[in-house]
Structures are given as C-alpha cells and as structure tokens.
Amino acid sequence: MELAKHIMTYAAGLPEGMPVSAKALLHLGQRAAIDQALARLSASGALVRAGRGVYLRPVESRFGPRTPSVEQVIDALAAQRGEVIVSSGASAANSLGLTTQVPVKPVYMTSGRSRTMRLGNQVVELRRAPRWQLVLANRPAGVAVRALAWLGPEKAESALKTLKQKLPPSVFGELVAATPQLPSWLAQRVGTAAYG
C-alpha cells in the first residue's frame with residue numbers, strides 16, 4: 001500500500017496527461033513490485049492503463065474522472081520518450097482541405113516503435129514512419145509533407161498546386177527547402193510546383 005501511495009503522489013505531481021511509466025518509478029522500489037502496484041492501481045481505477053508500461057492519471061472534471069485527451073497524451077508521450085509523434089497523412093490531408101475523408105480512429109506516425117494505446121474506449125494507433133515523413137515535425141510544412149506522402153505520386157501534383165495557393169509563401173518555401181530530405185518522386189514534384 002505504501003508503494004501505491006508513493007506512485008500516486010508521483011503521478012499527482014505530473015502535468016495533466018503525462019504518462020506514468022514503470023521505468024520512471026524505479027527509485028521507489030523493485031521493478032516487479034512497481035509493475036504489481038501499477039496493475040492494482042489500474043484495476044482500482046486510480047490510474048488508466050494506456051498501453052504496455054504506460055499509465056495515466058484520470059483527469060477530474062465536474063462530471064467525474066475522465067481519460068486525458070488524445071492530444072495531451074500524445075504530446076506528453078513524445079516529450080517523455082523523446083520520440084517524434086505527429087498526425088497521420090490522412091489527418092494532415094484532411095486538415096489542409098486536400099481530402100474530405102476523416103480517419104475513423106486516431107492514427108499517429110512516430111519515430112519510435114509501432115504500437116496501440118487504449119485511452120478509455122478509444123484506441124489510438126502509433127505507426128513507425130520513415131524519417132522523411134517526420135521532417136519538420138509539427139510545423140505546417142511538415143503537415144504538408146505527410147499529406148503529400150499519403151496522397152501518393154498520382155495526386156501529389158494537383159495537391160501541390162492547391163497548397164501553393166493556400167499556404168503562406170514562407171510555409172511553402174519551407175516545404176521547398178526540405179526537398180533534399182524527401183524521396184525523389186516527391187522532391188521532383190515539389191520542385192516543379194515551385195519553379196515550373
């Protein structure tokens with residue numbers, strides 16, 4: 001019981017949505033005991049198990065406890081693990097108005113390993129992505145890179161014409177500056193849209 005109290009004190013000191021991992025608690029005791037305490041706290045509802053080794057403190061609202069928002073958890077996980085985690089190409093294309101398709105479940109691209117997380121009733125998928133798709137991370141030009149990657153070579157040319165008109169010149173310039181990091185098919189289309 002003492003270990004569980006220490007874990008909850010530690011969790012209470014974290015910003016809202018910040019995951020609690022067993023590795024971060026090793027100063028409190030042995031790994032097996034920490035894992036058991038986390039499992040018990042999750043079973044009692046004091047913590048929410050989001051995935052293997054990842055737990056969250058429920059957020060207290062006027063309607064009772066709830067799971068932190070997906071965005072909060074993703075931002076906190078990226079900061080905690082040192083990963084780049086960004087929205088998927090489908091979400092990026094939708095946010096830029098290049099498609100009307102709306103992803104059914106939240107999918108994020110990561111520099112870490114692929115995995116799924118359960119946040120309450122919602123399943124969030126993290127997919128390992130090639131480094132070039134994570135270029136410029138959460139910057140507007142990076143969103144454009146992921147949208148173009150998702151659209152593929154066939155649709156990228158017309159999408160780039162739309163983006164050139166829609167994006168501020170500085171953002172489009174940032175996209176053009178990133179061409180050395182992009183695959184040949186995309187670099188060629190970005191160059192053509194910029195200078196052709």
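Within the stretch 160-179, restricting attention to residues that are hydrophobic (A, V, I, L, M, F, W, C) and within 17 Å of Asn94 (Cα to Cα), which residue is surrounded by the fewest Cβ atoms within 10 Å (Cβ to Cβ)?
It comes out as Leu167.
Would you pick out the residues in the stretch 32-62 that are under 25 Å from the mean Cα position of the chain (by Cα) and of a type in the set (S, T, N, Q)? Of everything in the stretch 32-62, those that are under 25 Å from the mean Cα position of the chain (by Cα) and of a type in the set (S, T, N, Q) turn out to be Ser42, Ser61.
For every residue, the table says whether it meets (1) at positive phi; (2) free of Cβ contacts under 8 Å to residues at least 60 places away in the same chain; (3) of a type in the set (Ser, Thr, Tyr).
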site: His6; (1), (2), (3): no, yes, no
site: Gly13; (1), (2), (3): no, yes, no
site: Gly17; (1), (2), (3): yes, yes, no
site: Val20; (1), (2), (3): no, yes, no
site: Leu26; (1), (2), (3): no, yes, no
site: Ala37; (1), (2), (3): no, yes, no
site: Ala50; (1), (2), (3): no, no, no
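Residues are listed down the side, and each one gets a yes or a no for (1) in contact with a Phe, Trp or Tyr (Cβ under 6 Å, 6 or more places away or on another chain); (2) among the hydrophobic types (A, V, I, L, M, F, W, C):
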| site | (1), (2) |
| --- | --- |
| Leu38 | yes, yes |
| Ala92 | no, yes |
| Thr100 | no, no |
| Met109 | no, yes |
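For residues that are assigned to a strand (DSSP E or B) and more than 28 Å from Val171 (Cα to Cα), scanning just the stretch 103-124, find the one that is nearest to the chain's Cα centre (by Cα). Only one residue tops the list, namely Val124.
Residue-by-condition table, conditions (1) of a type in the set (Asp, Glu); (2) out of contact with any Ser or Thr (no Cβ under 7 Å at 6 or more places or on another chain); (3) surrounded by 17 or more Cβ atoms within 10 Å (Cβ to Cβ):
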site: Val20; (1), (2), (3): no, yes, yes
site: Leu25; (1), (2), (3): no, yes, yes
site: Gly45; (1), (2), (3): no, yes, no
site: Ile85; (1), (2), (3): no, no, yes
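Only residues that are buried (at least 18 other Cβ atoms within 10 Å of the Cβ) and either in contact (Cβ under 8 Å) with a residue 60 or more places away in the chain or not aliphatic (A, V, I, L, M) (or both): list them for the stretch 180-196, please. Steps first, please.
Filtering the stretch 180-196 for residues buried (at least 18 other Cβ atoms within 10 Å of the Cβ) gives 182, 186, 189-190, 193.
Matches in the stretch 180-196: Arg189 only.
Taken across the stretch 136-159, residues that are more than 11 Å from Ala93 (Cα to Cα), in contact with a Gly (Cβ under 8 Å, 6 or more places away or on another chain) and not in a helix (DSSP H, G or I) do occur, with at least one present. For the stretch 107-142, the set of residues classified as buried (at least 17 other Cβ atoms within 10 Å of the Cβ) and at pLDDT below 90 consists of Met117, Leu119, listed by residue number. For the stretch 120-129, the criterion of being farther than 24 Å from Ala147 by Cβ and β-branched (Val, Ile, Thr) is met by no residue.
The values are calculated or read from the model by the stated rules, or taken from the named source; none is laboratory data. None of the values given here were measured: they were computed from a predicted structure. In this analysis, Cβ positions are derived from the backbone assuming ideal geometry, glycine residues included, and neighbour counts consider all displayed protein chains.
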